[in-house]
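Take a look at the structure below.
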């Protein structure tokens, strides 16, 4: 069964059909490898669900996971051993076997990951259920999965759960009220697109955007009812402070933006973030940032993924055609270099999906 893998660059090239891709200056070797399906029946517990993955996608976090794999390969090469790994954080697939106590699924069901955090619906510790979404056959605990609605395609499902649950959790924590001005940064990030999809359905608020791609972002204004789109230069180069303050700032990458956005917080505002960029910023002025938060009585709110309720709520929004899944492109077969480059090296509008079928 074919699996997309990332492998040690020193592996015997005769054994695989490899595709070299450079990400942030580091060369990786990817391949479509035929891996026999091992017997897994002895690994199935009473609440296990075996899934055959049909499509998957990568997220921003996967870049760091790939880099860690590359570092380990260099360490292990000293022992003259070569390794490979799967990749990806989101998937869709079909149930092919279940444990005897599984009640939520049956064989043939289409499923995607339930990355609820900090706890799953059954109270177990939560989080992202797989760092190896490209692996064709996987075994999950029942609470790590959720059914794909009939109206959702496999391609959409492979790009849904992480963005949807994170975005809903962030918007919920915003505690929006009528008259609020909301700034969404990094407009083309998947999380920001998910937040915009939810914000556009909330009446009585004003939405603003921040991006370095000003021209490309103009098409978003009408789609998401954005009042105005800013660039970082609007804040950096302003002779005088702009006459605008935000009640809510939704920012996936505060280490990039908070140095200049903190002074644009209104009283009793909320600055919400779910992560950081891959480039460490050592010039964050914590003294000024904390001062702004204190004197404005504002909150900095961290957000990691979402609760089970968040994912179910967005599935409901999708089912009622109030939430759109943005997919930039779909790749299959030997289009591996194109898939990896589009996922990590090129600008894209929405998720990039690889389909096995």
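No value in this document is a laboratory result; all are computed from the given coordinates. Worth saying up front: this structure is predicted, and the values here are computed from it rather than measured. Cβ sites come from the backbone with ideal geometry, for glycine too, and all protein chains shown count toward neighbours.
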task: Would you mind pulling out the separation of the Cα centroids of region 173-233 and region 48-65, in Å?
output: 28
- prompt: So what is the relative contact order for region 167-302, in percent, with contacts set as C-alpha pairs under 8 Å and at least six apart?
  reply: 23
- prompt: What ranking do 139, 5, 107 get, fewest neighbouring Cβ atoms within 10 angstrom at the top?
  reply: 107, 139, 5
statement: Here P(r) for region 99-139, Cα-Cα distances in 5 Å bins, as whole percents, is 6, 16, 24, 26, 24, 4
message: Angle check, please: helix 61-77 long axis (alpha carbons) against the longest principal axis of the chain (alpha carbons), in degrees 0 to 90, nearest 10.
response: 50
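Any idea what the relative contact order of region 271-357 is, in percent, if you count C-alpha pairs under 8 Å spaced at least 6 apart?
Over region 271-357, the number comes to 24 percent.
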Proxy reagent accessibility, fewest Cβ within 10 Å first, across 186, 113: 186, 113
task: With everything on Cα atoms, drop me the angle between helix 286-295 and the longest principal axis of the chain, reported from 0 to 90° to the nearest 10.
output: 60
message: On C-alpha positions alone, give me the angle between the axis of helix 190-199 and the longest principal axis of the chain, in degrees, nearest 10.
response: 60
field: Sequence of 156, 216, 357 once ranked by neighbouring C-beta atoms within 10 Å, starting from the fewest
entry: 357, 216, 156
- request: Before anything else, pin down the relative contact order of the chain: Cα pairs under 8 Å, at least 6 apart, normalised by residue count, whole percent.
  value: 18
- prompt: Using helices alone, what [θ] at 222 nm do you get for the chain, with -39,500 (n - 2.57) per DSSP H run of 4 or more residues, divided over all residues and rounded to the nearest 500?
  reply: -8000 deg cm²/dmol
